[in-house]
Amino acid sequence: MDIASGLLHGFAVALQPSNVFWCFVGCLLGTVVGILPGLGPAATIALLLPLTFKMDPAGGIIMLAGIYYGAKYGGSTTSILLNIPGESSSVVTCLDGYQMARKGRAGAALGIAAIASFVAGTVGVIGLTLIAPPIAAFALSFSSPEYFALMCLGLALVVLLSGTSLIKGLLALLVGLWLTSIGTDLFTAQSRFIFGQASLLGGIDFMVVAIGVFAIGEVMASIEAGEEAKMLPVPRGIRNLLPSWEELKACRFAFINGSVTGFLIGVLPGAGAAISSFMAYGIEKAVSKHPEQFGQGAPEGVAAPEGANNADTGGALVPLLTLGIPGGGTTAIMLSALVLWGVKPGPLLMTESPDVFWGLVASMYIGNVVLLILNLPLVPLFAQILRLPVYVLFPGILGISIVGAYGASGRMFDLGLLVGFGLLGYTMSKLKYPTAPLILGFVLGDAMERALRQSLMMSQGDFVPLVQRPISGIMLALAVLVLLMPLFGWLNRMRVRAITENG
Amino acid sequence: MVRAFLKNGDVISGAALAALGVYIMMQAHAWDYYTLDGPGPGFFPFWYGAAMVALSLLLIVNAARASDEGQAVDWPATGRAMATWLAFALSVVLMEFVGFLISFAVLTFFIVAFIFRRPFATATVVAVASALTFHLIFPVALSVSLPTGPFGF
Amino acid sequence: MNFVNVMNRRHLICGAASAIAATAAGPAFAQFKPSRPIEFVVHGGPGSGNDVFARALTTIIDQDKLSPVRMQVVNKPGGGSTTAAAYVVSKKNDPHVIACFTNIWLIDPMVQEAATNKLVDMSPIARLVVEPALVVVRTDSPFKTLKEFIDAAKAKPGALKMSGGSITSRENTVRQLLMQLTGARWAFISFPSGGERIAALLGGHVDMMIVDPSEAGEQVRAGKLRVIAQVNDRRLPGFPDFPTIKEAGYDIPNVPQMRGVVGAPGMSAEAIAYYEDLFLKASKTAAWQKFLNESQLDGEFIKAAELKTFLATFEGELREILKAAGAKVVR
């Protein structure tokens, strides 16, 4: 069936009372799961699987999808209020979101996050509706050289994230690259940098690093600065609890950026949502008229990554629903669910199970609206958390950090790592090393190394295809340009100085 | 002059990172750099280790050329932060033996009473209330597991 | 009075007789019964293949009321099987801890210094399923049979590529065996997730892959991928038209990718017999057959004693194959 009739059919399915109910349940669960570190959508969906065995497939996938994209709405809450990423893709929101909270704009940040999530989430579903098959073909054409070039471009963004000291930013990035290589090499089963610890064979969990460096490091830095100076101002009055028109206007491009970047990168199997949010953030900063505000509380710095991680869900569903290829952990579980319900996920799903496909797509439009209505009124409520006295809030942050780090794996070892990374985060902030590049290196390093080695294996050691293939060639060129930007800036300063000295 | 230079944060961290870089390169040397099938496990670590060494040396050189003395360290403040960290670390160790609830309550008590210097009564109330809240939300309501001790919580 | 006395004496005699009979019958009557919830350890996180498998199994056991106590899936992810294996070994002599094992429980101790817990030192209970695989190429590829692929690989060593997981995975093992047998050589490109592997094949970046039927089945049905052989002892019911590798003319040893149950070390014979019986019953339920069909698994049940000997020999075979594949075998 064509798109228009498919969508109509889908709404007929999605608007059935039971499916509306499941959509709401999924969105609510997803929001809760996203807000709380230590609970991820993947784990929640897996735990609910046995309960869904008897469910009708359309209702089941509607609910599970609701958990999936609902979590992206909730993930920004703790990122903004407590500097704790609620979900791995929300880590970039910490950068500017928490700074906005420190300036008393917590409500505005939460509101912008919700609105960006809504806009980009809806755009993602529109993309899924209209261009799923051609976009899936585009995703398949992406091979390892293109992935490598994309990761290089992402890493080049470190230049933009380094603040004042480029050298320190690069060093932080390199430490991130090192940390992510700890574990077992995929290609040779060689264990690297595990210091004899079997617990490190699987590598270090990203949440442990992010929570340790961001949340715990920040708590320690705040305690050092003295409690009086660090009281988070609580916004008062409705006007201050929601974003102002100026802030929303400033985010116009960020909404588009987040939607497009998130969707396109989400389509690529194996590219996680953290990558799309970093890219969207980097692009936003690169085209901004006031890039120095990023990292200090720029609303676009919240809108772009938050939008990206929501559009990413729409993108990730493209290969799942059109090709039966799961892009990552959560979509893999959704695939298992579809199999268990007897729905066959693959190229024939759209035609053989239109109830499931179109019902799901239609329910996502509804779901995004439900989530916006659910989240916006919660904003003033959540902002009140900041009213808690600092001596209650800070131990609470430490407690939530423990839950977040322990929740996924249940290992005391991870808590030990958390303690270590907390100290690292504090040391970095004292010595003025920017922490964002470390996280960026950690997120991208593994994928970049893999993509390079795969590319060279495919071309039998030849580096030329990396630049010859059009898409990867262009992205690598862009990466080089971005890396050279500080050089241009330096040359410019030299030139200006020469002019003023001579003139 | 030299002593101030050596105590400079950039210099110390630069030296530490240079040492890390050297360590990385040494480890990478033990693995295959390039195999029949392409770069081996030693390829990437070698290069980012080398970059680490180069950049940290550059950092040290820059610190030597910089004219300012750097900021004096506010030791009491740093001490507070480090005490908090130490308490956090010890509470994690404690968790292994007596579980999250008790360890977290102790940690909270310590932070409220000694770092923020509130009265013991306030500290006790906050500690107990926070610990119970965590316990009710996470293990009880959401089945998220937290470290447990011999008492089952 | 007399009547009651007689009845009581009869009861007494009956009671004594059964007591004597019980002791005389010996160990068969000393049944193991679990007294607390059973921990079913899984080496993947929630949602991983193993986790879904274990949860399906425990759900079936629960629904058909085959166990008097609850069976709880416990996730111990980390380092492949190492964390889960270490956990199981730490519960030595506890008959309430069992685990779902796969091939990597054998492989990890062989290639990782830090993985010190070997599967054969635990208490094998049963092998539940074998995962077959399909050798697939794109429909528009020039290879219609396995022979054509291998001949092309012989003609141009290293030019053809296949996608797969790590070098210790089953697909690479089969590749090694085929390459050794025929002298052909083609590249193995590792991807961390199934989705990326299939995407690489569909996108034309690799030429062939060996994949689970559950992952590729739909692509085959839609006509995007072509099956040129299957990796199993016998043909799968869902794919009756495709030759096994042996039938295609390549006599390589079968390397089963298995899933089974193992208990903590030191488990008593009675406990092992109990679990063996429990899983045997579960494997005969209609719900389990349905699950096997939908997941395209081969439910070849193997009992404890046979499993133990099988594992010992299989471990030796795998070690040789891994050495030939270039993995660093440390144990």
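Assorted remarks:
- Peptide A:428-434 shows a mean partner chain C-beta count of 3 within 10 Å per residue C-beta.
- In this structure the amide hydrogen of C:V129, modeled in the peptide plane, comes within under 5 Å of the amide hydrogens of C:R259, none closer than 5 places in sequence on its chain.
- The range C:224-263, relative contact order in percent, only Cα pairs under 8 angstrom and at least six apart counted: 34 percent
- When the convex hull of its Cα atoms is viewed from all sides, the protein assembly as shown shows a mean projected area of 49.2 nm².
- Nonlocal amide H pairs with B:T148, under 5 Å, H built at 1.01 Å: B:F100
- Among beta bridges that DSSP assigns inside the protein assembly as shown, antiparallel share in %, nearest 5: 65 percent
- Taking every DSSP helix (H) stretch of at least 4 residues in chain A, weighting each as -39,500 (n - 2.57) and dividing the sum by the residue count yields a mean residue ellipticity at 222 nm of -24500 deg cm²/dmol.
- Shown for A:C94, A:C23: other C-beta atoms within 10 Å of each C-beta, ranked fewest to most, produce the order A:C23, A:C94.
- Residues A:F463 and A:F53, FRET efficiency given R0 of 45 Å [Cβ-Cβ distance, rounded to 0.05]: 0.35
- Bridgeable lysines around C:K156 (alpha carbons under 18 Å apart, same-chain partners fewer than 8 residues away excluded): C:K144, C:K147.
- Of C:K91/C:K303; C:K76/C:K224; A:K344/C:K76; C:K118/C:K281; A:K54/C:K92; A:K249/A:K285, those spanning more than 26 Å from alpha-carbon to alpha-carbon: C:K76/C:K224; A:K344/C:K76; C:K118/C:K281; A:K54/C:K92
- Placing pseudo-labels 7 Å out from each Cα toward the beta carbon at C:R185 and C:K147 gives an inter-label distance of 2.5 nm.
- Across the range B:78-95, rounded Karplus estimates of 3J(HN,Hα) from the backbone phi angles (6.51 cos²θ - 1.76 cosθ + 1.60, θ = phi - 60°) give 4, x, 4, 4, 5, 5, 4, 4, 4, 4, 4, 4, 5, 5, 5, 4, 4, 4 Hz, Gly and Pro being marked x.
- Inter-label distance for C:K308 and A:I131, nm, one decimal - labels placed 7 Å from Cα along Cα-to-Cβ: 6.3 nm
- Restricting the range C:78-180 to GluC sites (Glu not before Pro) in coil, as DSSP defines it, with at most 14 other Cβ within 10 Å: C:E113
- Exposure proxy ranking for B:I111, A:I167, based on other Cβ atoms within 10 angstrom of each Cβ and starting from the fewest, stands as A:I167, B:I111.
- Looking at the range B:75-142, the pairs of alpha carbons with a distance over 14 Å make up 61% of the total.
- Whole-number percent relative contact order across chain A, with pairs defined as alpha carbons under 8 Å at least 6 apart: 29 percent
- Residue-wise HN-Hα couplings along the range C:249-260, as the Karplus relation 6.51 cos²θ - 1.76 cosθ + 1.60 with θ = phi - 60° gives them from phi, are x, 10, 8, 9, x, 6, 10, x, 9, 10, 10, x Hz; Gly and Pro carry x.
- Inter-chain Cβ neighbour average for residues B:114-126, partner chain, 10 Å: 2
- Couplings 3J(HN,Hα) for the range A:378-390, derived from phi with the Karplus relation 6.51 cos²θ - 1.76 cosθ + 1.60 (θ = phi - 60°), are 6, 4, x, 4, 5, 4, 5, 4, 5, 6, 4, x, 4 Hz, where x marks Gly and Pro.
- Förster radius 35 Å - calculated FRET efficiency between A:R495 and B:V22 (Cβ-Cβ, nearest 0.05): 0.40
- 5 angstrom amide H check on C:V73, placed H, neighbours 5+ away: C:F40
- Among A:K432, A:K72, C:K303, C:K76, the ranking by other beta carbons within 10 Å of each residue's beta carbon, starting with the fewest, stands as A:K432, C:K303, C:K76, A:K72.
- Förster-model FRET efficiency, 35 Å R0, B:L90 and A:Q384, C-beta, rounded to 0.05: 0.65
Just so you know, all these numbers are worked out from the coordinates, no wet-lab data involved. Note that the coordinates shown come from a computational prediction; the quantities given were computed from them, not determined experimentally. Virtual Cβ from ideal backbone geometry, glycine too; neighbours counted across all protein chains shown.
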